[in-house]
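Okay, so here's the structure we're looking at.
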């Protein structure tokens, strides 16, 4: 089973001979759309009246939260698993996740009849764990955070012969999630800015390959200042792990940058901004109270970045993805309660 022996990796994660670290192209995204359009519904692009008024701009939300798993990553999951080599279908897949990547692979595994195991941190979002199990995945709890769960998944891939589905070093994943950008370009070709969260970087990479490549738009990435690993990788060209990872926003909670997406973002991402945890919480609260949309903290990094320089957005057409709705109920409740207490103190 030499095909399951790890090979030298440019970053701190484990990769295997079947991992191709060549970044996908815009052509690959178009190819992925043939699969995605067959397996998943097109998501709406809707104008936000409250945010448009606040920023004196035309602000549109790409509603990826309306996908079956409640998050954008399922686009990449169905793209990768649909083209899986026959040798991996019997042993099955293993991945590490805080939730949305795991749901994506679980959904795709069920769709294409491939067994799936997902390793999650011990304190993983219970709602996401339940969703993965409901989709047929075996969920293994291990470690204090995503990176400890990831290391365990990599060991299982080596020992058990599973096909390890990396969170970002997978060209089909990036190409698949990039199909959201093609839909935006078709619906709204005259776009000036697109803001997107950056965790592992697959979503932002997809938007760079589509909105960034096919329009004159400025693509801006956003990440919590409490978990700045990918930002430092983009700014300094290093793949070293970061010692800080303290964000509540699990979708951007990683301390290890990934080689494939870092290369693509350094080449194509126009700007990358760090935002505060408080600004992320305010974004979650405001989108719920103004739009009645429940979104994860990762999504709110985009809104927080937009609010850093509102003057540059005046009169512009701006898009940001509601990339996921799977926020833990207790986290969501605490954000709303905290906002209510702040409002009371202002009276």
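The values are calculated or read from the model by the stated rules, or taken from the named source; none is laboratory data. What you are looking at is a predicted structure, and each value in this text was computed from that prediction instead of being measured. Cβ sites come from the backbone with ideal geometry, for glycine too, and all protein chains shown count toward neighbours.
What single numbered condition from (1) free of Cβ contacts under 8 Å to residues at least 40 places away in the same chain; (2) closer than 25 Å to residue 330 by Cα; (3) surrounded by fewer than 24 Cβ atoms within 10 Å (Cβ to Cβ) fails to hold for residue 145?
(1)
Return a yes/no flag: does segment 59-80 have any residue that is outside the structural domain of residue 303 (by TED's automatic domain parsing), more than 24 Å from residue 184 (Cα to Cα) and crowded, with 24+ Cβ neighbours inside 10 Å.
no
Please go through segment 213-230 and give me each residue that is buried (at least 22 other Cβ atoms within 10 Å of the Cβ) and in a helix (DSSP H, G or I), ordered by number.
Hits for segment 213-230 are 229, 230.
Of the conditions (1) part of a loop (DSSP other than H, G, I, E, B); (2) over 20 Å from the mean Cα position of the chain (by Cα); (3) at pLDDT 95 or above, residue 239 clears all except one; give me its number.
Evaluating residue 239 over (1) part of a loop (DSSP other than H, G, I, E, B); (2) over 20 Å from the mean Cα position of the chain (by Cα); (3) at pLDDT 95 or above leaves (2) as the failure.
Can you spot a residue in segment 251-267 that is under 23 Å from residue 97 (Cβ atoms), surrounded by fewer than 17 Cβ atoms within 10 Å (Cβ to Cβ) and at pLDDT below 95?
No, the conditions are met nowhere in segment 251-267.
Take the residues of segment 155-172 that are out of contact with any strand residue (DSSP E or B) (no Cβ under 6 Å at 6 or more places or on another chain) and surrounded by fewer than 22 Cβ atoms within 10 Å (Cβ to Cβ): which is nearest to residue 257 (Cα to Cα)?
Selected residue: 155.
With the structure loaded, tell me whether residue 127 is within 30 Å of residue 290 (Cβ to Cβ) and either in a loop (DSSP other than H, G, I, E, B) or outside the structural domain of residue 177 (by TED's automatic domain parsing) (or both) or whether it fails that test.
It is true that residue 127 is within 30 Å of residue 290 (Cβ to Cβ) and either in a loop (DSSP other than H, G, I, E, B) or outside the structural domain of residue 177 (by TED's automatic domain parsing) (or both).
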